[in-house]
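Q: Supplied in structure tokens, the structure appears directly below.
A short reminder: the numbers here are calculations on the coordinates, not readings from a lab. Owing to the predicted nature of the structure, the values given are computational and were not obtained by experimental measurement. Heads up, the Cβs are rebuilt from the backbone with ideal geometry, glycines too, and the neighbour counts pull from every protein chain shown.
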Amino acid sequence: AKSCGKNMYHFYTSDMNEKLLEKLEMENSLRHAVDREEFVVYYQPKINTNDKSIAGVEALVRWNHPTNGMIPPNMFIPLAEEMRLIVPMGQWVLRNACKQNQIWKSLGCTDMSVAVNISVIQIQQSDFVQSIIDILEETGMQPSSLELEITENIIMKDFEFTNKILHDLRKLGIRISLDDFGKGYSSLNYLRQLEIDILKIDKSFIDDLTKDHNEQAIVKSVIDMAHSMKMTVIAEGVETWEQFTSLKSLHCDKVQGYLFSRPLPVNEIEHMIEEQEKV
Ligand code: C2E
Ligand code: CA
Ligand code: CA
Ligand code: CA
């Protein structure tokens with residue numbers, strides 16, 4: 001039993017080496033992925049609550065790894081942020097989504113919005129706003145059709161700084177959406193001062209919406225409060241008709257979730273949009 005400690009130590013270090021190796025490998029292939037543009041953008045529709053029409057789409061990135069297949073964003077975005085690869089990757093996603101929107105527009109979908117997720121690392125770049133302007137010009141994308149989704153941690157990092165950037169983006173005509181609202185330490189205090197147009201209620205509130213009266217009261221007051229501040233409200237992670245009906249009765253403007261569609265590759269979302277254009 002005495003030697004156990006020593007063995008444990010050996011076991012532990014080799015395990016750590018393995019982890020380190022794994023991480024280095026992952027870093028390497030992620031760097032390549034950015035160079036080789038191995039990413040794919042999927043789109044999930046946002047649905048208007050009043051008539052169930054498609055209001056727009058959210059771009060969600062996946063990594064199409066040459067041997068491991070489609071890798072979900074939660075598996076590589078934290079590392080991409082740590083390595084700052086999120087900057088070129090985020091630019092790529094944004095450019096791609098804008099180009100795609102222009103294609104849809106040429107097919108007749110003139111009032112579709114496209115939402116793109118933005119990481120805190122991107123906002124911190126001194127040329128962030130300019131890089132957005134460049135992509136808008138390059139793709140011909142109308143700023144009013146673009147939504148940028150940010151999370152609270154972005155704001156908490158440096159409120160004044162971030163709010164100034166949000167202000168500049170809004171002046172361009174871009175809309176700002178606060179993602180995952182209620183998930184973190186959301187303080188209603190700062191919401192009033194914040195330069196945002198859209199509030200996205202986190203899935204965790206929607207999950208218990210139809211089972212829990214407290215949850216329903218919270219969601220109701222969030223929606224009412226956001227409306228009083230002239231914000232649009234969207235609920236994410238809507239999976240049942242019960243949830244949909246409940247959100248509709250609470251005057252939630254839009255919903256997003258598996259009930260209507262999972263995130264889809266371009267050709268499939270295009271099909272869904274076309275079907276709608278027919279009616
Ligand atoms: P998010 O922005 O909160 O996106 C919503 C996530 O919930 C997506 O996961 C979506 O597929 C999933 N989802 C949508 N509806 C439902 C539903 O009804 N039920 C359930 N269980 N899940 C639903 P996904 O695509 O795996 O993305 C995960 C996260 O990765 C995103 O969370 C976002 O934070 C991040 N992400 C994705 N694409 C990008 C990107 O281009 N840039 C950055 N910075 N982050 C991204
Ligand atoms: Ca999002
Ligand atoms: Ca979210
Ligand atoms: Ca989320």
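Q: Using the Cβ atoms and a cut-off under 10 Å, what net charge is assigned to the surroundings of Ala115, where Lys and Arg are +1 and Asp and Glu are -1?
A: Value of the local net charge: -1.
Q: Tell me the Rg and the Dmax, in Å, that the Cα atoms of segment 80-177 produce.
A: 13.3, 41
Q: Taking 8 Å as the Cα distance limit and 6 or more residues as the minimum spacing, I'd like the relative contact order of the chain as a percentage.
A: Once normalised by length, the contact order is 18 percent.
Q: With only Lys, Arg, Asp and Glu charged, each at its Cβ (+1 for the first two, -1 for the last two), find how big the charge dipole of the chain is about the Cα centre; round to the nearest 20 debye.
A: Dipole magnitude for the chain comes out near 300 debye.
Q: Mind listing the long-range amide H neighbours of Phe260? Cut-off is under 5 Å, sequence gap 5 or more, other chains count too, H placed in the peptide plane at 1.01 Å from N.
A: Residues meeting the criterion, in which the H sits 1.01 Å from N, do not exist here.
Q: Under a Cβ-Cβ cut-off of 12 Å, what is the net charge of the residues other than Glu268 that fall near it, where Lys and Arg count +1 and Asp and Glu count -1?
A: -2
Q: I'm checking a number: the convex hull volume of the Cα atoms of the chain, normalised per residue, in Å³. What is it?
A: Spelled out: Cα convex hull of the chain, divided by residues, is 179 Å³.
Q: Over segment 233-279, what is the relative contact order in whole percent, taking alpha-carbon pairs under 8 Å and six or more residues apart?
A: That works out to 40 percent.
Q: Taking H placed 1.01 Å from N in the peptide plane, check which residues at least 5 places from Leu250 or on another chain put their amide H under 5 Å from its amide H.
A: It is none; the list stays empty.
Q: Of the residues Thr67, Thr210, Thr245, which exhibits the maximal mean-square fluctuation in a Gaussian network model of the chain defined by a 10 Å Cα contact cut-off?
A: Per the Cα network of the chain with a 10 Å cutoff, Thr67 tops the list.
Q: While we're here: Kyte-Doolittle mean at least 0.5 and Cα extent at least 15 Å along the axis: which DSSP H helices of the chain qualify?
A: 128-139
Q: Quick check on my link table: of Lys183/Lys248; Lys105/Lys164; Lys164/Lys220; Lys203/Lys254; Lys157/Lys200, which ones sit more than 24 Å apart, alpha carbon to alpha carbon?
A: Lys105/Lys164; Lys164/Lys220
Q: Next question, about the same structure. Under 13 Å Cα to Cα from Lys211, which aspartates and glutamates show up? Leave out anything in the same chain fewer than 8 places away.
A: List returned: Glu242.
Q: Let me ask you something else. For Arg175, what charge total do you get from the other residues with a beta carbon under 14 Å from its beta carbon, if Lys and Arg give +1 and Asp and Glu give -1?
A: -3
Q: Go ahead and set up a Gaussian network model of the chain, Cα springs under 10 Å, then flag whichever of Lys203, Lys157, Lys220 fluctuates most.
A: Highest fluctuation among the options: Lys157.
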